[in-house]
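Values quoted throughout were computed directly from the atomic coordinates according to the rules given, and no laboratory measurement underlies them. Keep in mind that what you see is a predicted model, and the values were worked out from it rather than measured. In this analysis, Cβ positions are derived from the backbone assuming ideal geometry, glycine residues included, and neighbour counts consider all displayed protein chains.
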Amino acid sequence: MKALPYLDIHSHRRLPLEESVAVGCLSMDELNLETTHQYTSAGVHPWWIEDYSAEEIEKLKIHVANLAHAHKLWAIGETGIDRTLPELMDQQIELFLWHLDLAEKEKLPMVIHNVRSGSDFLEILKDRKATTPWIFHDFRGSEQMMRDLLRLHPLSYFSFGLSIDNSQQVRELVSLVPLESLFLETDSQKHLDIHDIYLRAAEALKMDIDFLKSQIWMNFKRITPEH
């Protein structure tokens with residue numbers, strides 16, 4: 001039997017690695033291009049608010065919405081909230097809520113950028129009912145934050161990448177995330193590829209790597225939109 005490929009839930013690589021399948025996240029320059037990935041996500045990153053005008057951000061939103069409406073996206077994002085930019089919090093939250101509305105309308109998962117902002121997402125979930133999956137990429141929150149997010153939104157997923165290699169706290173957190181809520185990713189880093197990340201995760205979980213791949217593919221298929 002042929003081995004399952006490695007699933008990379010969030011990647012900025014232009015091409016996925018051999019023996020892997022990646023959800024490719026489009027950069028700003030790629031929003032008008034045809035992606036080379038089988039699965040694609042697109043969104044307006046909260047960092048872009050700092051560098052681009054309100055008019056430019058509106059144009060990017062139109063591009064993302066058009067891609068979603070044309071069924072060219074697997075997920076919306078990455079989008080989210082980053083508290084290292086406190087002066088832009090209002091704009092970030094407004095932009096995230098726009099993505100949330102789009103994801104709900106198109107029935108697509110969301111890939112979420114979250115930096116010191118778990119409490120903000122909890123507040124949003126108390127006010128807004130989410131029905132599509134939320135994938136918190138490069139999650140570095142606490143065990144309690146993870147459990148609170150799952151309590152308010154059971155379709156929350158937590159993805160890990162390079163931090164498995166360089167953070168003991170994250171390695172411990174990986175072992176606490178329910179397996180049915182787990183994903184792995186490369187993001188934009190080049191230190192480890194997706195094969196290495198699976199190896200590190202399997203070690204942290206004390207688990208056979210083929211079983212881990214099988215579990216993550218089950219998670220992926222469970223939330224893959226049908227059009």
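In region 139-227, which GluC sites (Glu not before Pro) are in a loop and have at most 16 other Cβ atoms within 10 Å, using DSSP for the loop call?
On the way: sites: GLU143, GLU172, GLU180, GLU185, GLU203, GLU226; in loops: GLU185, GLU226.
Those that pass, being in a loop and sparsely packed, are GLU226.
For helix 194-205, what angle does its Cα long axis make with the longest principal axis of the chain, in degrees from 0 to 90 and rounded to 10?
In the chain, helix 194-205 runs at an angle near 60 degrees to the longest axis.
Using alpha carbons only, how many degrees (0 to 90, rounded to 10) separate the axis of helix 89-106 from the longest principal axis of the chain?
Here the helix axis deviates by roughly 70 degrees.
Tell me the trypsin sites (Lys or Arg not before Pro) within region 122-227 that lie in a loop according to DSSP and have at most 14 other beta-carbon atoms within 10 Å. Each step should come with its number before you reach the end.
Details: sites: LYS126, ARG128, LYS129, ARG140, ARG147, ARG151, ARG171, LYS190, ARG200, LYS206, LYS213, LYS221, ARG222; in loops: ARG128, LYS129, ARG140, LYS190, LYS206.
Answer by residue number: ARG128, LYS129, LYS190, LYS206.
Over the chain, with a Gaussian network built from C-alpha contacts below 10 Å, which listed residue (ASN66, ASN166, ASN114) shows the highest mean-square fluctuation?
For the chain, modelled as a Gaussian network with Cα springs under 10 Å, the answer is ASN166.
Over what distance in Å are the Cα centres of region 43-106 and region 172-199 separated?
Result: 25 Å between the Cα centres.
Positive end of the charge dipole of the chain (Lys, Arg +1 and Asp, Glu -1 on Cβ, about the Cα centre): tell me which of MET218, LEU108, THR84 has its Cα farthest that way.
MET218
Compute the relative contact order of region 6-223 as a whole-number percentage, counting only Cα pairs closer than 8 Å that sit 6 or more residues apart in sequence. Spell out each step's value before the answer.
On the way: 372 pairs, mean separation 40.0, N = 218.
Relative contact order comes out at 18 percent.
Classify region 47-132: rounded, prolate or oblate, from the alpha-carbon gyration tensor (a ≥ b ≥ c, eigenvalue square roots; a/c under 1.5 rounded; otherwise prolate if a/b is larger than b/c)?
On the way: a/c = 2.07, a/b = 1.14, b/c = 1.81.
It comes out oblate by the Cα gyration axes.
Starting with the fewest neighbours, write out THR79, THR40 ranked by other beta-carbon atoms found within 10 Å of each beta-carbon.
Values: THR79 25, THR40 19.
If I rank by nearby Cβ atoms, fewest first, I get THR40, THR79.
Helix 54-69: angle to the longest alpha-carbon principal axis of the chain, degrees 0 to 90, nearest 10?
Its long axis makes an angle of about 60 degrees.
Magnitude of the Cβ-charge dipole of region 44-105, K/R +1 and D/E -1, about the Cα centre, nearest 20 debye?
That gives a dipole near 380 debye.
Only residues of region 93-131 count here: report those whose backbone N is under 15 Å from the spot 7 Å along Cα→Cβ of THR84, or say none.
Output list for this probe position: 113-118.
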